[in-house]
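Here's the structure we're looking at; comments come further down.
No lab work stands behind these numbers, since they all come straight from the coordinates. Small disclaimer: the values here were computed from a predicted structure and weren't measured. Methodologically, a virtual Cβ is constructed for each residue, glycine included, from the backbone with ideal geometry; neighbour enumeration extends over all protein chains shown.
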Amino acid sequence: MQKVLAASLRGDDAVRDFCRRQRQALLAESRTLQTMRRERDQDPGAAFTIEVAILRTNAELECVEAAEARAGQRLVDLAGPSATASSGLVAADALPQPARSAASHRGL
């Protein structure tokens, strides 16, 4: 959802456009997964993997809906370090090297 946050910096239209394109891609993925589920229903491993992928896709669709509902809101504040400090967040460059590396792998 970092892309939604980035789009929010460009305004409402950018968020709505991103959400529209993301929804289209996720719905296409969902259709493909539904077809795969029907074709591979006799293979327990494949059926489980496909079911997990369907759940993930549905969750991403819900995130898109939530983002679109907030299209008019500023989701990111690019204020200086004092805003970060007052929010209780720690900037990645303030972390020790091992923690910074772990944070970047988690998308922080």
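The condition of being surrounded by fewer than 16 Cβ atoms within 10 Å (Cβ to Cβ) and not in a helix (DSSP H, G or I) holds for only one of 42, 34, that being 42. Considering only the range 7-23, how many residues are among the charged types (D, E, K, R) and farther than 21 Å from residue 57 by Cβ? Qualifying residue count, the range 7-23: 3.
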